[in-house]
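The values are calculated or read from the model by the stated rules, or taken from the named source; none is laboratory data. Please read all numbers here as calculations on a predicted model, not as lab measurements. Here Cβ is always computed from backbone atoms with ideal geometry, including for glycine, and neighbour counts include all displayed protein chains.
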């Protein structure tokens with residue numbers, strides 16, 4: 001199946017394929033609300049299933065959300081309970097649940113503190129727990145709304161590594177943000193205006209449209225500015241999205 005998710009409302013339309021990270025810049029609240037089905041609509045298609053209130057379970061099983069407005073909302077009294085909650089909703093057997101909780105706890109660094117109350121965690125750890133409890137059910141799509149900026153440096157590096165494995169397995173991430181730096185982890189960028197998509201395309205292609213992006217109020221990520229500077233001086237021949245590739249180009 002070519003598309004994991006298709007979205008089309010009266011203003012915005014986009015298709016999402018397997019193994020994509022898409023950065024959405026601008027006010028994406030209406031898109032997020034529609035993805036959550038807060039408004040009655042039929043704007044979403046998941047693997048050829050047009051989603052509505054009658055088959056909403058398809059959405060709930062396929063799409064998970066980590067939203068800045070819900071960072072302090074938890075269902076469990078402990079980290080272990082929080083990770084168990086979405087699995088219990090799927091009526092999963094206890095052996096499989098135990099294995100999944102242990103695996104997620106190790107992967108996210110919660111194993112030694114899994115009896116801790118979620119509300120006692122710092123903000124970065126709360127976000128990581130929300131991500132863990134979303135990915136533990138192996139969704140097709142993970143929607144992030146302005147939460148990556150809340151991660152500390154170590155958690156962000158760990159999250160990006162986890163996202164990389166999620167994408168390699170065919171997953172999709174829709175990252176709604178106001179931070180242009182976060183676009184560097186994405187395959188595509190979509191800039192949302194008040195009533196239409198202003199610009200969209202592959203990440204480097206969009207970031208190369210420097211004049212358009214500046215006119216829309218966006219600067220360029222530092223790494224792209226550095227690449228641009230080095231390219232102007234003939235030290236490299238193209239832009240690089242990650243430090244490893246940039247360093248390799250400089251020292252080869």
Between a first residue in region 23-45 that is without any contact (Cβ under 8 Å) to a residue 24 or more places away in the chain and at negative phi and a second residue that is part of a helix (DSSP H, G or I) and surrounded by 13 or more Cβ atoms within 10 Å (Cβ to Cβ), which pairs have beta carbons less than 9 Å apart while being 6 or more apart in sequence or on different chains?
-> 38/32; 39/30
Scanning region 58-84 residue by residue, those free of Cβ contacts under 8 Å to residues at least 60 places away in the same chain and under 21 Å from the mean Cα position of the chain (by Cα) turn out to be 58, 59, 60, 72, 73, 74, 82, 83
Matching entry among 92, 36 (being closer than 18 Å to residue 139 by Cβ, at pLDDT below 90 and under 20 Å from the mean Cα position of the chain (by Cα)) = 36
Test for residue 197: is it within 17 Å of residue 14 (Cβ to Cβ) and either out of contact with any strand residue (DSSP E or B) (no Cβ under 7 Å at 6 or more places or on another chain) or at pLDDT 95 or above (or both) = yes
Considering region 139-159 alone, what residues qualify as being free of Cβ contacts under 8 Å to residues at least 60 places away in the same chain and either within 14 Å of the chain's Cα centre (by Cα) or assigned to a helix (DSSP H, G or I) (or both)?
-> 148, 149, 151, 153, 154, 155, 156, 157, 158, 159
When only residues in region 120-137 that are touching a residue at least 12 places away in the same chain (Cβ under 8 Å) and farther than 26 Å from residue 178 by Cβ count, which is surrounded by the most Cβ atoms within 10 Å (Cβ to Cβ)?
-> 136
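Within region 177-188, is there a residue that is modelled with pLDDT of 95 or more and closer than 19 Å to residue 69 by Cβ? Steps first, answer last, please.
So in region 177-188, the residues modelled with pLDDT of 95 or more come out as 177, 188.
Keeping just the survivors that are closer than 19 Å to residue 69 by Cβ gives 177.
Among the residues of region 177-188, at least one is modelled with pLDDT of 95 or more and closer than 19 Å to residue 69 by Cβ, which makes the answer yes.
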In region 163-187, what count of residues is obtained for those that are more than 12 Å from the chain's Cα centre (by Cα) and either touching a residue at least 40 places away in the same chain (Cβ under 8 Å) or closer than 15 Å to residue 20 by Cβ (or both)?
-> 8
